[in-house]
Amino acid sequence: MDKRLKHSLIALAVASAFPLHGAIAQEATTTTEEVKKPGQLETVIVTAQRRAENIKDVPMAIATLKGEKLDVLTSGGQDIRFLNGRSPSVSVESDYGRTFPRFYIRGLGNTDFDLNASQPVGLVMDDIVQENPMLKGFPVFDVDQVEVLRGPQGTLFGRNSPAGVIKFDSAKPVFRQEGYVNVGIGKDRVRNYEGAYNFPINDVLATRISLQSQHRGNRVHNDRPGAPTTDFEGYKDNAGRIQFLLKPNKDFSALLNVHGRDMDGNATLFRANILKKGTNELVDNFDYKSYPTDGGNEQHLKNKGANLRLRWDTPGLTFHSITGYEKLEFFSRGDVDGGYGASFHPPMGPGFIPFPVETADLIPDHKQLSQEFRVESNYKGPLQWIAGVFYFDEHIQIDSISFDSFTAGNPQNAAYATQQQDAKSYAAFGTINYTVNEAFKLRAGLRYTKDKKDFVARRIEPGTGESNWPLHDTSSNVSWDLSGTYTLNKDTNLFGRVATGYRAPSMQGRLFDLTSQPTQADAEKAVSVEFGVKQDLFDRRARMSATVFNYRMKDKQLTAGSGSINMNRLVNADKVTGRGIELDLQANLSDAWAVTFGTSYNDTEIKDPNLFVQPCGNFANNPASGCTVTDPQTTVGGGTVALINGNPLPRAPKWQHNFTLRYSQPLGNGEIYAYTDWAYRTSYNFFLYEAVEYKAKELLEGGLRVGYRWNDGKYELAAYGRNITNRIQSLGAIDFDNLTGIVNEPRTYGVQFKANF
């Protein structure tokens, strides 16, 4: 056995990472060194620790996506959910469609569907923290690289990142003329257009314009007479970015980024009674293209923002300023009960509808401002350091409208709830890196954060009354981490990391009636221990990294449904634990074949013997409408509750695998290639409690792309397919009313043409 391969198998352990919100111009731009020999893998450079580093030297678990793999995964116009399962321990899903993605790393996420929901996975786009869920779904185009940082990121990143961070770096302006156009058409009248144009204005100023436009026709039909919406799942999603890089000399640079998005489409379709009672199978007569409903469905999102990143190099020190501003408006209306009529308003269907539920959620007012100042050492020597301060200010208003009375068969506005939240955060942080000797390096970090949140929830019922519930909270936290890297030989690095993370208190107030009250969850804190190995193999024709980890969450924030009404309740679990392994492998098997493989195992457990939640309702006039709860149940306050001690976290599959295989051969003045990618995951619970119907089946999805590149890669023509096996099954459900589910997208296919200039 190859000696280096033996080292990697013995070492099985790995990484820890922590993100950031800054690094600018050339330093922040993720780049890749040239391949030294034919067949060798390129050296991947990341900026996870605010400095450009070889990924092998960073003592944390990091995965990257870029280049052709990004092109393949987004072939059919996929939104940011294309990341789901494409990296070890990473899941992405949404109850809203192309907006409001919910991220999970190592089983840690948040199933909350309220529009001010916080998540334990941070998202950083071009060095700016995207806090609101609607900001997290910005389209991915003209991107240099995606970095997935697993494990707590409490030091350089800060609040709301105890699970990890997903970091996007857009392609930056350069002082030469270049660009590309990418045009695609496909099934369901899909039309995708993307392009970028980079040009220098003069010797000190360059600009880059990046645009994307995605369209799809409606593919689901409603044949109910008089329905307000008859066709669904079409969209038009337009986004753009313009950047200006000013570099008057080698010591100073200023990068201005202005961006925006305008999306019109449909909310996720909640399909009534599509799950067989007592199983997690879809009903025998399920038809993806049919959605009979008496409710409306529409969704609109507009967001715009700008950021300015300044960098100034002086002898011994580098200064950074990173200013970000984001603003959005959002409207989403959907039929939550997923059908038509009700038991007291026939006809009804599909199946039993205990009561109608149709809601619209709006964000009429949102603003986010962030500012970071940072200074770092740039001199030679064994001791290097970073120090900085950070400020965050967000204001958001949320209106939730319920449509709960019938007029001529259509729901009409009856009442609404409104929430206002003002959140401020202040932080000071610092890190040190010390080279003990050529083989051993240590790193330590510390961050102090203070959070203040003012929240008020109101319920307004015209002609009846109004309720008003204010909440206030101030909290502080100290996060720290300690990590080390040991160079076993020129190809093998071992590392270990201990890190803490913190999520600020959360508040929710989607009030159902005048007696409803908002809920609050206290701050959660995480401690994680990881060990790992990163290794180049076979003269750099292959690369692997492996991690073992164990974490403990204290006062874990969880979201519980009501079991009978469309309202969330925030709770804290006394403790949640997790442990697992992760493996990333990529290899050039020959000049023609290349492969990647990733796998992860995550074992999570809720540990709180006193914690209970309300399970799905069983209605007296039709007991078959409820789900089959398998948790122990008891009676509290006259109602039945499920005890969830010992359950895994929701939407946390134990096993995830991803695989890609590429084959290419020279042809004419170019190459012909075939690229296939697959993602597999085991089952998971939809909710905190366990029920037979609300347990996702295991899922395997694959894609295929076949194409021809010519003229030294300048032109490319390709055909693609996504979910090529057309596997359709439930991915989620609605936690009340009836066996209403959400399914994954069906097979799609098309062709693309790309030209570089």
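The values are calculated or read from the model by the stated rules, or taken from the named source; none is laboratory data. Every value quoted in this text rests on a predicted model; they were computed, and no experiment measured them. Cβ placement follows ideal geometry from the backbone for every residue including glycine, while neighbour counts extend to all protein chains displayed. Calculation scope for accessible area: heavy atoms of the full protein, side chains included, ligands and nucleic acids excluded. Shrake-Rupley method; radii C 1.70, N 1.55, O 1.52, S 1.80 Å.
Brief remarks follow.
- Scoring Ile201 on the criteria (1) touching a residue at least 24 places away in the same chain (Cβ under 8 Å); (2) over 23 Å from Ser75 (Cβ atoms) leaves a single failure, condition (1).
- Residues of region 212-234 satisfying the condition of being closer than 30 Å to Glu194 by Cβ and assigned to a loop (DSSP other than H, G, I, E, B): Gly217, Asn218, Arg219, Thr229, Glu233, Gly234
- Check on Thr682, of a type in the set (Val, Ile, Thr), buried (at least 17 other Cβ atoms within 10 Å of the Cβ) and either under 20 Å from Gly617 (Cα atoms) or modelled with pLDDT of 95 or more (or both): no
- Where Glu93 falls short, out of the listed (1) touching a residue at least 60 places away in the same chain (Cβ under 8 Å); (2) closer than 17 Å to Lys167 by Cα; (3) under 12 Å from the mean Cα position of the chain (by Cα); (4) open to solvent by 10 Å² or more (accessible area, probe 1.4 Å): (2)
- Filtered by the rule that a residue be assigned to a strand (DSSP E or B) and touching a residue at least 60 places away in the same chain (Cβ under 8 Å), region 45-63 gives Val46, Ala61, Ile62, Ala63.
- Taken across region 551-573, residues that are more than 27 Å from His472 (Cα to Cα) and in a strand (DSSP E or B) do occur, with at least one present.
- Some residue of region 374-385 being of a type in the set (Ser, Thr, Tyr), modelled with pLDDT under 90, more than 30 Å from Lys277 (Cβ to Cβ) and assigned to a strand (DSSP E or B): no
- The number of residues in region 549-559 being more than 30 Å from Arg458 (Cβ to Cβ) and surrounded by 20 or more Cβ atoms within 10 Å (Cβ to Cβ) comes to 3.
- Residues satisfying the stated conditions in region 209-223, i.e. open to solvent by 70 Å² or more (accessible area, probe 1.4 Å) and more than 25 Å from the chain's Cα centre (by Cα): His221, Asp223
- Conditions (1) of a type in the set (A, V, I, L, M, F, W, C); (2) touching a Gly at 6+ places or on another chain (Cβ under 7 Å); (3) modelled with pLDDT of 95 or more; (4) open to solvent by 10 Å² or more (accessible area, probe 1.4 Å): number failed by Leu514: (3)
- Spans of strands (runs of 3 or more DSSP E) in region 681-757 with at least 3 residues over 24 Å from the mean Cα position of the chain (by Cα) and over 21 Å from Thr628 (Cβ atoms): 699-710, 715-722, 748-756
- Any hit, region 154-171, residues being among the hydrophobic types (A, V, I, L, M, F, W, C), surrounded by 22 or more Cβ atoms within 10 Å (Cβ to Cβ) and touching a helix residue (DSSP H, G or I) at 6+ places or on another chain (Cβ under 8 Å): yes
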